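Here is the structure we will look at.
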Amino acid sequence: MNPRTAKRLRRHGLNGTAVVVFLFAVFPVYWMVATAFKPNDEIFTTRFIPFPLAPTFDHVSRVLTKGVAGHSIWQYLLNSAIVALGTVLIGSLFALLAATAVARFRFRFRTSFLILLLIVQMVPAEALLIPLFLMVRRLGMYDQLLGLIVINVGFTLPFAIWMLRTFVAAVPKELEEAAAIDGATRFVTFWKVLFPLVAPGLVATSIFSFITAWNEFVFALTLISDQGRYTMPVALQFFTGQRSTDWGGIMAASTLMTIPVIAFFMLVQRRMVSGLVAGAVKG
Amino acid sequence: MAQTSTIARGGGSSSAPARRRSHRPPRRSGAFPPRAIPYLLLLPGLLVIAALLLYPLYQMVDMSFHRVGLRQIRPNPQPAEFLGMGNYTQVFASDLFWISLRNTVVFAAVTVALTLLAGTLVGLLLHRLGKKMSTFLIVGIMAAWATPPTATAIIWKWLFDADAGVVNWALNLLPDGLATALLGRADWSGEPWLNSATTIYLVLIVAVVWASFPFIAVSVLAGLKSIPSELFEAARVDGASPFTIFRRVTFPLLKPVFSVLLVLSLIWDFKVFTQLYVLAGGTTNREAFNLSLWAYTEAFSAPPKMGFGAAIAVVLTVIMLLITAVYVRQIVRTEDVR
């Protein structure tokens, strides 16, 4: 076998492997969407039906109008969006301030603060659930979306600071020094020089927080009992009845919940990856 | 922020602000003494972390020494009775503790190993692929990564459904002889995967590995790209096999990356809750408990035993901190936290 054939064979082998991995990754998501658009007789069968033979919007329109647990899926999507956006707005502001402090200033306790950030990320959220449940009740935030927002800010903040500080550190200090020499105040320097340059990193961090809050399950399950205030992940649990599961409905609702997240991922794909890796790996 | 900034968004360093304001003295300090500024910037974040992470951590430990039940969580609470180590002796004496501990540890060990292995292999694959193919594969694995945990669990529950699941259909496709030799039986119709704890964990492992290998793959790829390609070429010219190149060149250089990925995976898999809750169908299957699900069940199903639940949570936290302590030290050493 001459080297060129060998090389081409190797390339085919690699590409073939890539296709297999691709299918493994994509098939379950595809299957969710396909099931959402299949009529019931194509869902409840032992045959393998690779795609909807008679595509139907029945499940999608049913979950949007009749919904589950007494409310339309719109309501739960809206609740999830409120929680996620609230988390991002408060969280990004706090994270930006703290990241600027850590990346731009040398001060006592700076190292301690960074180590604290690392350690609090090791503490399982599920373990803090019990005291936080009591705290939220005592503060009258039980059954309130605000309670979920506050808790999500708490759990996304350490990682957001950790990730954002690398973006702040990447902005050359000379720019701010030049602005200061030109007589800009600290606030103007921050707002007009640093902020626009950190904005891409801030977007990446925000999307990370958004997705975390959008997906959050255990606190939403525990801190909300009013069905009208359920978030999507909790609402999904109510498609499963005592005897049977409404697979068409649950797949339609899961698709609706997953689409925004996948869209966000694709949108900031490259930055998300570099941000995550830079924040988590390179420092 | 009405007027446009003089700096192009994301612009290069050449576009430094040029507006001169000669009427102002240079280096004007703000309203605060400069030394206080970093602390002021840190304050909101620090308050949030203290109130939502540190104080509850303290409370969790405190509660674990008390009997906290219905009477203590009602609007007019009665003081909690101090139990000393009572909750802990009860935890360690319980059969459920050993079941949940075993489930937690075995699941984390298997899942972390499989995730790192699959993720690293796919990362190496991405590095070798052409540009188009690698983008194609990244987009594909991104779909698995982006799927929310609740949806992940629901999808895999559906794939492993007893009657209409694709997995049972695919297993039935295998030639009978082969299926019997490999898996011990030929007919998989109606096989219920989500009744017994062992098979619940099997499905859970598949689901969690599926959802988490993309992050590892993409991180490994980012690490690989940071290694100068001359190193690989030199090794190849010297006649090193791909495996030797990985063991002698890639792995040593990416060791910090791998140790961070290992810790992150351990943290995620040790406390897995959402996917298990969905796959096990809530809190009824006690054989399938892990430590998080057991703590949750004790604290939130009637009658609530919050102190007991807190004791389980403390045990889980301590185990996690012990496992990750070594690696936290390593991150602290390699990262520029100084």
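Quick notes on this one:
- The mean count of C-beta atoms from other chains within 10 Å of the C-beta of residues in A:177-188, rounded to a whole number, is 5.
- Once backbone amide H atoms are built at 1.01 Å from N, A:VAL68 has A:ILE73 as its partners under 5 Å, excluding neighbours fewer than 5 places away on the same chain.
- Of all lysines in the structure, those lying under 16 Å Cα to Cα from A:LYS173, and not within fewer than 8 positions of it along the same chain, are A:LYS192.
- Of the trypsin sites (Lys or Arg not before Pro) found in region A:1-60, those that fall in a DSSP loop while having at most 14 other beta-carbon atoms within 10 Å are A:ARG47.
- At R0 = 35 Å, FRET efficiency that the Cβ-Cβ distance of A:LEU89 and B:THR180 yields, to 0.05: 0.05
- Neighbouring partner chain Cβ atoms per residue of B:157-165, average, 10 Å criterion: 4
- Fraction of accessible area attributable to carbon and sulfur, region A:165-254 (%, probe 1.4 Å): 59
- Using only side-chain charges placed at the Cβ, +1 for Lys and Arg and -1 for Asp and Glu, the dipole size of chain B relative to its Cα centre rounds to 2200 debye.
- FRET efficiency, 1/(1 + (r/R0)^6) with R0 30 Å, evaluated for B:ALA302 and A:VAL20 via beta carbons: 0.05
- Residue with peak Gaussian network fluctuation, chain A [Cα springs, cutoff 10 Å], from A:PHE167, A:PHE238, A:PHE208: A:PHE238
- Annotation for B:ALA325 and A:LEU64: the two label points, set 7 Å from Cα along the Cα-Cβ direction, are 5.5 nm apart.
- Computing Rg and the Kirkwood Rh from the Cα coordinates of region A:3-56 gives a ratio, Rg/Rh, of 1.28.
- Compared with the direct C-alpha span, the chain from A:LYS7 to A:PHE51 gains 12.2 nm at full extension, assuming 0.36 nm per residue.
- With all protein chains in place and ligands, DNA and RNA left out, the 1.4 Å accessible area ranks A:TRP74, B:TRP294, B:TRP145 as A:TRP74, B:TRP145, B:TRP294, largest first.
- Per residue accessible area of region A:61-282, 1.4 Å probe, in Å²: 36
- Shown are B:VAL139, A:VAL83, whose ranking by accessible area with a 1.4 Å probe and every protein chain present, most to least, is B:VAL139, A:VAL83.
- Per residue of peptide A:49-58, the mean number of Cβ atoms on other chains within 10 Å of the residue Cβ is 0.
- Listing of region A:85-114 residues, each with accessible area lower by at least 30 Å² in the full protein assembly than in the chain alone (probe 1.4 Å): A:PHE94, A:LEU97, A:ALA101, A:PHE105, A:PHE107, A:THR111, A:PHE113
- Rounded if a/c under 1.5, otherwise prolate or oblate - the protein assembly as shown, Cα gyration tensor axes: oblate
- Which of A:THR245, A:PHE48, A:ILE161, positive extreme of dipole for chain A (C-beta unit charges): A:ILE161
- Close amide-amide hydrogen proximity is noted between B:GLU81 and B:ARG67, each under 5 Å apart and 5 or more residues distant or on a separate chain (H modeled in the peptide plane; Pro and chain starts excluded).
- Accessible area per residue for region B:243-336, computed on protein heavy atoms with a 1.4 Å probe, is 39 Å².
- Subtracting the Cα-Cα distance of B:ARG333 and B:ALA240 from their residue separation scaled by 0.36 nm leaves 30.3 nm.
- Area hidden from solvent between A and B (accessible, protein heavy atoms only, 1.4 Å, total, Å²): 10000
- Dipole magnitude for the protein assembly as shown: about 2640 debye, using +1 per Lys or Arg Cβ and -1 per Asp or Glu Cβ, origin at the Cα centre.
- Subtracting the Cα-Cα distance of B:ASP95 and B:SER196 from 0.36 nm times their residue separation leaves 34.6 nm of extension gain.
- Selected from A:VAL188, A:VAL120, A:VAL20 as most flexible by GNM, with chain A as the system and alpha-carbon contacts under 10 Å: A:VAL20
- A crude spin-label estimate for the pair A:THR111 and A:ARG137, with each label 7 Å from Cα along the Cβ direction, gives 4.3 nm.
- Since only A:ALA36, A:PHE24, A:LEU14 are under comparison, the one whose Cα sits farthest along the positive direction of the charge dipole of region A:3-56, derived from C-beta charges on Lys, Arg, Asp and Glu, is A:LEU14.
- Ordered from largest to smallest accessible area (heavy atoms of protein chains, 1.4 Å probe), the residues A:GLU174, B:GLU81 come out as A:GLU174, B:GLU81.
- For region B:217-310, fraction of C-alpha pairs farther apart than 16 Å, in %: 68
- Solvent-accessible surface of region A:3-56, taken per residue with a 1.4 Å probe and all protein chains present: 61 Å².
- Once the C-beta distance of B:ASP62 and B:THR283 is scaled by a Förster radius of 35 Å, the resulting FRET efficiency is 0.90 to the nearest 0.05.
- Choice from B:ILE323, B:ILE37, B:ILE205 showing the highest fluctuation, given a GNM over chain B with Cα pairs closer than 10 Å: B:ILE37
The values are calculated or read from the model by the stated rules, or taken from the named source; none is laboratory data. These figures come from a predicted structure and were not determined experimentally. Ideal geometry is used to build each Cβ from the backbone, glycine not excepted, and the neighbour counts take in all protein chains shown. For the accessible areas, the whole protein counts, side chains as well, though only heavy atoms, and no ligand, DNA or RNA atoms are used. Shrake-Rupley method; radii C 1.70, N 1.55, O 1.52, S 1.80 Å.
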